[in-house]
Amino acid sequence: MVEQQIRARGITNPRVLDAMREIPRHLFVPPPYTLSAYTDSPLPIGNGQTISQPYIVALMTALLETRSEDRVLEIGTGCGYQAAILARLVCHVTTIERIHAVADLAWKNIASLGLKNVSIIVGDGTEGYIQNAPYNGIIITAATPQIPPPLIDQLDEGGILVAPVGGRDIQELITLKKHHGRTDQLSHGGVRFVPLIGEHGWTDT
Ligand code: SAM
């Protein structure tokens, strides 16, 4: 998976590649998909949600430019795979999931790996989590029509936010960097994510 799907597409950050090697993706997919866990695609995890494609997880992780002392916020825990990767790379991960049953699944997966630096919060991630702010990095792993303003407020000076921004069905992967209160945005191509449902996201239809 790492050589053929990730390094071959140009991701060379050794810390990211090591984290992708160390976290066993097959532990994060439901049993019917165990044999497909290392394929080049997202997979269903139940409750209409998905585990993201390995390459996209690696790309978003690389774009965050993490350092070991960082504190990171993830919006959209899902099964906890991205949070587990981040837990290998940073000091602390706060991750927010809106669906209780999905958060429970993530909690079991993260606990089974013995990762102690992840806090899983159930709630609307579009509001962020002020209690642990500011964050050096913020990653949104669901499709948002805009960057939720509370997340920009909770991003530290010099911090990076990565998110799929655009329509409900197709989005652009963007990075936003915060410098002296100003934000600079860059685009990294098209992506497809399930919608971010919440106060500053999409409505639940
Ligand atoms: N990060 C996951 C992984 O490692 O595979 C993939 C996340 S999945 C593509 C998107 C998740 O975002 C879903 O579990 C969904 O329930 C969650 N979600 C959607 N809107 C949310 C919100 N406002 N706050 C928190 N989680 C949300």
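Bear in mind that the values in this text are calculations on the coordinates, not laboratory data. Source: prediction; values computed, not measured. With ideal geometry, Cβ positions are generated from the backbone for all residues, glycine too; neighbour counts draw on all protein chains shown.
Identify, from the list Ile56, Ile45, Ile75, Ile99, the residue that is within 10 Å of the ligand (Cβ to nearest atom), farther than 20 Å from Pro134 by Cβ and under 10 Å from the mean Cα position of the chain (by Cα).
Testing whether each residue is within 10 Å of the ligand (Cβ to nearest atom), farther than 20 Å from Pro134 by Cβ and under 10 Å from the mean Cα position of the chain (by Cα) leaves just Ile56.
If I filter the stretch 57-99 down to residues being of a type in the set (D, E, K, R) and assigned to a strand (DSSP E or B), which single residue comes out as nearest to Asp124 (Cα to Cα)?
Applying the filter and picking the extreme gives Glu97.
Give me the strands (runs of 3 or more DSSP E) completely within the stretch 100-205, filtered to those with at least 1 residues that are touching a residue at least 40 places away in the same chain (Cβ under 8 Å), among the polar types (S, T, N, Q) and surrounded by 13 or more Cβ atoms within 10 Å (Cβ to Cβ), ordered by residue number.
Once the strands (runs of 3 or more DSSP E) in the stretch 100-205 are filtered for at least 1 residues that are touching a residue at least 40 places away in the same chain (Cβ under 8 Å), among the polar types (S, T, N, Q) and surrounded by 13 or more Cβ atoms within 10 Å (Cβ to Cβ), what remains is 135-140, 171-179.
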